[in-house]
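A quick write-up on the structure given underneath.
Taken together, the values in this text are just the output of simple stated rules run on the coordinates, not laboratory data. Note that the coordinates shown come from a computational prediction; the quantities given were computed from them, not determined experimentally. Here Cβ is always computed from backbone atoms with ideal geometry, including for glycine, and neighbour counts include all displayed protein chains.
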Amino acid sequence: ISVILFLWGFILLWSSALSARADSIFDESARKDDEVFRMAVADLNLNNEILETEKITISVEFVDGNNPFQAVQEACELMNRGILALVSSIGCMSAGSLQTLADAMHIPHLFIQKSPAGSPRSACPPTGRVPGTDDYTLMVRPQVYLNEVIMQVVSEYGWQKFVLFYDSNFDIRGIEDFLDRTSQQGLDVSLQKVEANINMMITSLFRTMRTEELHRYRDTLRRAVLFMSPATAKAFISEVVETNLVAFDCHWILINEEISDYDLQDLVMKSIGRLTVIRQTFPMPPNATQRCVKHNHRINGALCDPKNAKSQQLEITNRYIYDSVLLLANTFHKKLEDRKWHSMASLSCIRKTSKPWQGGKSMLDTVKKFGVSGLTSFLEFTDNGTNPNIFFEILGTNYGEDRGRGVSRLATWDPVHGLNGTLSDRKLENNMRGVVLRVVTVLEEPFVMVSENVLGKPKKYQGFSIDVLDALANYLGFKYEIFVAPDHKYGSLQPDGMWNGLMGELVFKRADVGLSAVTITPEREGAVDFTTRYMDYSVGVLLRKAERTVDMFACLAPFDLSLWACIAGTVLLVGILVYLLNWLNPPRLPMGAVSSTTLYNSMWFVYGSFVQQGGEVPYTTLATRMMMGVWWMFALIVISSYTANLAAFLTITRIENSIQSLQDLSRQTDLPYGTVLDSAVYDQVRSKAMNPFERDPMYSQMWRMINRTGDNNVDESKEGIRKVKYGHFGFVWDAAVLEYVAVNDEDCSFYTVASNAPDRGYGIAMQHGSPYRDELPSSIYHHPPPTGDASCEEGGRSSHHPLLETSFLM
């Protein structure tokens, strides 16, 4: 909105009543400036102390504020009638032309800079002036300090990276100094223009960006500075909130001198997260009477009463217009008191012989010499023609998802004292005490299990992840409500770009925290936030042990069948040799004795010696005794070896399993195996099998087997465990979960094989940009493990398990 006011008149007749004439030229849309201007004149005409018997008459003309030629033409026409001073409320484009005209004609020019469409101001470029001439233009509005204010606020908040949005009406040259200073300090600042059609702008983002790019863009929007009009800011914030581009941990700063209380309320209602608003303020006394009565002048109650709707909707230019009229009226009064009045200037801009107004210098000095209290607190000018009085207030909300949060004053700023107050970007005070978290989970032993399910009462949960959650709750002081994901899945990205399962509950903000055997993957990190891993994760396979059978010939197990055949053959051979040696060289028998050396007895004697039972037939020949000595030595060695092997065999039953590693699993094709569809394990195997940057031959073979038939994969982990127990199947899943299942199986029928190199970890998932991410403790060095019963190796369940004794870091 551009406005031009020409205050002129004050025709001096000493012998009679004086009449002051004020002509005004406004932009066609500047109805509020016109209204305030008329109210200022009306208030002054009622004040007999300032103008005494003089009265101000006005006429108003509307012009195009972006047309410098039209502005100068109207000013020249008024100069022909006679003027005392020129008050303009207009943009920089026409202000330079009026400034040149005022300098040439020695007409005091009170310039009130007006920004286009309510956008933040940028300093007007300097106007070329003839050296040695006086500057007759007074800057009613103070110089632009937005760069200094936002730089100090950003520094106080400790921001290192943020986006700077500006609307199409803002002159970006106004923030060149700010951008230079941020660059010198190493801050990462991105610039983005907000187009007039915000909906089309946001739609184009979703149309041109991939899902991963949108997630990264959402992350950059966590910190943003807005240089835009309140109307554009409200529309922009509404659009990004409705399209879920920002989360409630975002912190945005809106800076604009022109932000009313109504605008502030609307902005807070439309935003989520934290909002900081920087605007110009005018210190006023708390008493209503002191606000409306300024020395010898009473201001219209509709403009000075803060409870009045018209006062609350006043724009900054309206305030400066009122005070400018009041200042000129007081200046005229001072000139009358000093008896130093010059006749009004009746000048011609067209004539080459036209001379400047002789009283212009005196009028300018008087305006600079005195100030006035009004709607802008106190209006005065320095020697260089600028208004030094400007104050900013910094207002803000706390982090939160609720609309309509309370606004409080955080600090103030002025050019003399700088920032008065402390700014902190801390998200939560008093840790998290009083916060109730909605926790979504998936039942997965040993991480989350139902310990008690009483009809009509909330379920009670236990497990390693629940222990972690309880430890954090005790440390931070929060409470939680836990529920199971409706589809009992961890969640994956669907073809339509939406997440299901536990992840979907977080993405759609139906839960604050996701907790179970949730692994940290790049895809999930693009949609939600994670804490630091608290335990390592690796892929394993659950297999069924080979079945043990009862064998009546188990006593023969220590030796192979071939060895038993050799022993039997040796007994037969040695028996024959003993018989032949006795037959060729029979022993000498006592008189009357009968020899019993037969083949049958020789065989029986050799067998009895082998089993350490002795024999009945004496062999006294040297050859036979040497033969039997060697045989007894052989029998001693064989019997000792058999006894040792039999003891070991009966003490430890060895069950040979053909699959001892994931490599063994991938190389065989007899045993089918699979995993849970659309799970993290499924995605990991697929990624390492198909991604050229991390391809692994072992995973490629596993991927082919998993997808060989449609029956290999299951919908839930429990279904996969049942298939292993009651069928011919191998279940590929989280190694920690499988190890717990194997150790706690009643029949001890499982064994597990796992990867030796964990490449991922378990974490606590939160909404993207969650305010609780930074509030979780930096470390929990040790958590007491829960106790159990005895292990399969001990004939029952384990009294403890290594998984549950793992120390973890957050």
Gain in length, Phe378 to Glu195, computed as 0.36 nm per residue apart minus the alpha-carbon separation, to one decimal in nm? 62.1 nm
Contour minus end-to-end for Met633 and Asn308, with contour as 0.36 nm per residue of separation and end-to-end as the Cα-Cα distance? 104.8 nm
For segment 183-341, just the Cα set please: Rg and Dmax, both in angstrom. 22.4, 77
How would segment 178-277 be classified by its alpha-carbon gyration tensor: rounded, prolate or oblate, with rounded meaning a/c under 1.5 and the a/b versus b/c comparison settling the rest? oblate
Where nothing but the Cβ of Lys and Arg (+1) and of Asp and Glu (-1) is charged, how large is the charge dipole of segment 656-757 around its Cα centre, in debye to the nearest 20? 400
Using the Karplus curve 6.51 cos²θ - 1.76 cosθ + 1.60 with θ = phi - 60°, what ³J(HN,Hα) values do you get for each residue of segment 247-263, in whole Hz, with x for Gly and Pro? 10, 7, 9, 6, 9, 10, 10, 9, 10, 6, 4, 9, 9, 7, 5, 5, 4
How many angstrom lie between the Cα centre of segment 218-242 and the Cα centre of segment 471-526? 27
The residues Tyr217, Tyr751, sorted from fewest to most surrounding Cβ atoms within 10 Å, come out as Tyr217, Tyr751
FRET efficiency, 1/(1 + (r/R0)^6) with R0 30 Å, evaluated for Asp670 and Trp564 via beta carbons: 0.45
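Could you tell me the calculated FRET efficiency between His488 and Ser155, based on Cβ-Cβ distance and R0 = 35 angstrom, to the nearest 0.05?
0.10
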Highest-first arrangement of 86-96, 155-165, 680-690, where packing means the average Cβ count within 10 Å: 86-96, 680-690, 155-165
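When each pair of different Cα atoms in segment 656-757 is counted once in the 1/r mean, what is the Kirkwood radius in angstroms, to one decimal?
It works out to 14.0 Å.
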Which GluC sites (Glu not before Pro) in segment 453-548 sit in a loop by DSSP (not H, G, I, E or B) and have at most 12 other Cβ atoms within 10 Å of their own Cβ? Glu547
At Glu337 and Val293, where each label point lies 7 Å from the Cα along Cα→Cβ, what is the point-to-point distance in nanometres? 1.9
